[in-house]
Amino acid sequence: MTKNIIPLEEFKTRVSKTQAAMAKENIDLLLAFSTESEPAYVRYYSDYWPSFETAVALIPADGKPALLAGPESLTFASARTKIERVIQMMDFRESSQPDYPGSTLPTWKDIIAEFKPKKLGIAGWHMFPHSIMEDLRAAAGSCEIVNADEIIRGICIKKSENELNCLREAAKISELGFKAVLENIKPGMTEAQLAGIATGAMLGNGAESTGYPVWCCSGPNSTQAISRPTLREVKEGEIIHFSVGAKVSGYSASIGRPIVLGKCPDATKKFMQVGLDAMNMTIDLMRAGTLASNVAKKVHGYITDQGYGHTLLYGPAHGCGQMECEFPFLETSSTFTLEENMVFMVDVFMAEQNMGFRWEDGVIVKNGAAEELSSYKRQLNILEI
């Protein structure tokens, strides 16, 4: 596999673009917050991905950014970050809240005194911890604190060629994870075993990690839109749903496929085919200049016309990049227009009674037909045993 990385200059460009956007909103200081499970913002600016502790990419209106990390992360953060200055702060310690007696780390009072913001923006607003917000507000005094998610979204919604290459590579490695499942799956194996096979194949072929916990959801578990594998044994004649995704240089792709072992009931086959047809329709409709809601309305209309409108939960697509699922969702209520080099996961999830599935593949929006990140085994995978 090709080694795709984001160069240092691109990280610097991201900061300068953010500062320009901040100026339009009169924001003096931006704090981009991330956790281990939602690392996108901090990694976007620094390439650092926190573990146990949390972190912030601090971007002033002028000057150089800083990385705010927890008390145990200095050597780890320094080894990874593209931001030169690392500031340790107690507020970003792990959730078990150790005291670290004798610590003299900087506080929010020190940060506010150094940068002197009149208007401070927080990105990652909806997951920014209440306890940290209280400490920040106490130190900020008359400084206005606002939601700044829209600033970062406006910058990262369209991907650079380096980012696209990372996503292309992540999709190729995701295919290898699913291929390993197809080559090894047997009745009686557990969901966890099968997820492990996919994970091992991806890590063995160049992924830095999985893009999210790999899912294998079988039988009644296949109705779960968000899931984790269990020790349930997979059986013949039931839907076994896989969501398999690799992460490359911070960028996550995914492929979602249902599998049936042995004889597939006609009703199950028809159900899966409608989902597959809806996915292919979505990909065909996703072209630059198209109103996103029109795509969703047409696809959901088709599914409803086939008699499965009651199985719809969301979609049929969502943004993709640093996170396998990121802003924006493509929904019937969407107001945005598709633009070239936006990246989406076409994600058709349908579920009823005791069976469900997800068809999922990444696409890069183009002026004509979208570029597909993968089409590997996008078919009814009914395997003889």
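The values are calculated or read from the model by the stated rules, or taken from the named source; none is laboratory data. Only a predicted model underlies this, so the values are computations on that prediction, with no experimental measurement involved. Note that we place each Cβ from the backbone using ideal geometry, even for glycine, and neighbour counts take in every protein chain shown. Just the protein is used for accessible areas: all its heavy atoms, side chains included, with ligands, DNA and RNA removed. Shrake-Rupley method; radii C 1.70, N 1.55, O 1.52, S 1.80 Å.
Some observations on this one:
- Phi-derived couplings, Karplus 6.51 cos²θ - 1.76 cosθ + 1.60 at θ = phi - 60°, listed residue by residue for the stretch 102-114: x, 5, 10, 5, x, 10, 4, 4, 5, 5, 5, 5, 6 Hz, with x used for Gly and Pro.
- Charge dipole of the stretch 37-112 (Cα centre as origin; +1 on each Lys and Arg Cβ, -1 on each Asp and Glu Cβ, all else neutral): 220 debye, rounded to the nearest 20.
- Under 5 Å between amide hydrogens, built in the peptide plane, is the criterion, and for Ala55 it picks out Ser34 among residues at least 5 positions away or on other chains.
- Positive-end extreme of charge dipole, the chain - chosen from Phe52, Ala138, Trp108 (charges on Cβ): Phe52
- Tensor-based shape of the stretch 228-332 (alpha-carbon gyration tensor, a/c under 1.5 rounded, otherwise prolate or oblate): oblate
- Here the accessible area is traced with a 1.4 Å probe on the protein chains. For the chain, carbon and sulfur cover 51 percent of it.
- ³J(HN,Hα) computed for each position of the stretch 65-72 - Karplus, 6.51 cos²θ - 1.76 cosθ + 1.60, integer Hz, glycine/proline x: x, 9, 9, 9, 10, x, x, 9
- Sorted largest first by accessible area at a 1.4 angstrom probe radius, with every protein chain in place, the residues Trp125, Trp108 fall in the order Trp125, Trp108.
- For the stretch 158-282, a/c is not less than 1.5, where a ≥ b ≥ c are the root eigenvalues of the C-alpha gyration tensor, and a/b does not top b/c. That puts it in the oblate class.
- Heavy-atom accessible surface of the chain, averaged per residue, reaches 43 Å², computed with a 1.4 Å probe.
- Label-to-label distance for Ser333 and Asp110 is 4.4 nm, based on points extended 7 Å past Cα in the beta-carbon direction.
- The magnitude of the dipole of the stretch 80-187, with charges of +1 and -1 set on the Cβ of Lys/Arg and Asp/Glu and taken from the Cα centre, is near 320 debye.
- Full-extension gain in nm, Arg228 to Phe52, via 0.36 nm per residue minus C-alpha separation: 61.3 nm
- Each of Ala69, Tyr251, Met90 was placed along the dipole of the chain (beta-carbon charges, centred on the mean Cα), and the one lying farthest toward the positive end is Tyr251.
- Which labelled figure in (i) 25; (ii) 14; (iii) 19 is percent of Cα pairs over 38 Å apart, once derived from the coordinates: (i)
- Student exercise, the chain dipole from Lys, Arg, Asp, Glu Cβ charges, in Debye to nearest 20: 460 debye
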